[in-house]
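A short write-up of the structure that comes next.
The values are calculated or read from the model by the stated rules, or taken from the named source; none is laboratory data. Remember, it's a predicted structure, so these values are computed and weren't measured experimentally. Here Cβ is always computed from backbone atoms with ideal geometry, including for glycine, and neighbour counts include all displayed protein chains. The area values use the complete protein model at the heavy-atom level, side chains included, leaving out ligands, DNA and RNA. Shrake-Rupley method; radii C 1.70, N 1.55, O 1.52, S 1.80 Å.
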Amino acid sequence: MLEEAGLTGITPDPAGGRLGREENGKLNGLLIESAHMDMFAKASFSNEEMKEAHTIASKQFAEKGITSIHEASGFGLQNIRQLQTHSKEGIIKQRLYVMIGALNGADKIVRSMNKSAIFTGLGDDKYRIGPVKLFLDGSSSGPTIWTRDPYTSDADEYGVQYYEQEEVDEIFIPAHKNGWQITAHAQGDAAIDMLLNTIEKANNLHPRPDARHRIEHAGIASPDLIQRMKEQNVIPTPNPAFLYEFGDGYAINYGERTSNMYPLNDYLEADVPAAFGSDCPVTTYSPMRGIHAALTRMTHSGQVLGKEKTVSLMDAIRMYTLNGAYASFEEDIKGSIEIGKLADLILLDSSLLSADVDDIPEIKVEWTMIHGEVVYSRKVY
């Protein structure tokens, strides 16, 4: 596969990534960050494969009570076209808010969108165009996130930085001016700081009343960064289930900073409307696992990382529902059960509000309704 992709032992590492090598320089098959993303451009899926994948994914999401998805568009423009087609055909049952970007060459895609005549909000309540998106750093579990201080596990390591500040400004400020919501994968505090710099410049140069720019993940969100989010009306999308799956590694790699990773209660106290996401398939898409992690901040081994950053059950539910709707400018039509809003509802097999906290991950969905239509039922009623 490496040979078919044109990669050999003398191939240099790409910017923002690394090719895994044995001691003799031979490639060992490990593709890190941009090297991994570059492979997506060479190993794309066929239309039929994507149709089958979307069919399976929509069914699985419905089984977990998911009625809306903020789609990160990792597979680029071709997949965005397929998402729209399969939404229109009814293959994808969930409502889609689609980010415009890609794992590979996102900067080129965003630049092309700056020249287009469209911007965030185009579409309807089933399929809507969301923000333009870049990747600013690596992954929290890599560990390859870009940090202001060195890793606790490696005093010489600061992670992967994809762009310089001037590049992010040059790409995103025109997008803001043209009416786009902007967002970026930013896990480390250095990456979050860079994105906030750009957002602040954009808001000052071209004021907009309600831009609602986002930060995907916002991993190490220290108090100074949260204050800046508040000042710029920025929406972070933390992933509480990461704490359960990857938290033991976080404690090793980031040390005391782990308590500032996905600091949910800090967002509440600062009145910053954080919206929960799963980042599936990086971790489970089950909201019940995410809610449990938000209430406990417990890792797979039982460590508790920053108990003071937990939130109440009702706050966790709001962050998954109403705040998610707010992050896509749709809080007036969904996100809560009210007269006049869309009939996107689920029925659970037991009370979430009275459940023992440790039992929450095992709560099942009896049925899922989207726009008044039952799209999944565990039993025949």
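For the reader, a short list of remarks on this structure follows.
- Of all accessible heavy-atom area on the range 235-280, the percent that carbon and sulfur account for (1.4 Å): 46
- For the range 36-194, the share of DSSP beta bridges that are antiparallel, to the nearest 5, is 15%.
- Rounded Å value of the spacing that divides the Cα centres of the range 13-38 and the range 298-347: 38
- Dipole magnitude of the range 246-350, debye to nearest 20 (Cβ charges: Lys/Arg +1, Asp/Glu -1, about Cα centre): 300
- Sorted peptide list for 108-116, 286-294, 328-336, 8-16, criterion being average Cβ within 10 angstrom, highest first: 286-294, 328-336, 108-116, 8-16
- The chain: calculated mean residue ellipticity at 222 nm from DSSP helix runs of at least 4, using -39500 (n - 2.57): -10500 deg cm²/dmol
- Karplus-derived HN-Hα couplings along the range 312-325 (A = 6.51, B = -1.76, C = 1.60, θ = phi - 60°), whole Hz, x at Gly and Pro: 6, 4, 5, 5, 5, 4, 4, 5, 7, 10, 5, 5, x, 5
- Cross-link check: pairs Lys126/Lys379; Lys59/Lys177; Lys108/Lys334; Lys230/Lys341; Lys93/Lys177 evaluated at a Cα-Cα cut-off of 31 Å; pairs beyond the cut-off: Lys59/Lys177; Lys108/Lys334; Lys93/Lys177.
- Per residue value of the accessible surface for the chain (all protein chains in place, 1.4 Å probe), Å²: 46
- Among the protein heavy atoms of the range 70-182, carbon and sulfur supply 51% of the accessible surface, probe 1.4 Å, non-protein parts ignored.
- Relative to the Cα centre, the charge distribution of the chain, modelled as +1 at Lys and Arg Cβ and -1 at Asp and Glu Cβ, gives a dipole magnitude of about 1160 debye.
- C-alpha center-to-center spacing [the range 185-247, the range 107-142] in angstrom: 16
- Loop-located GluC sites (Glu not before Pro) in the range 110-171, at most 11 other Cβ atoms within 10 Å (DSSP): Glu164
- Net charge dipole, the range 155-278: roughly 560 debye, given to the nearest 20, about the Cα centre with Cβ charges of +1 for Lys and Arg and -1 for Asp and Glu.
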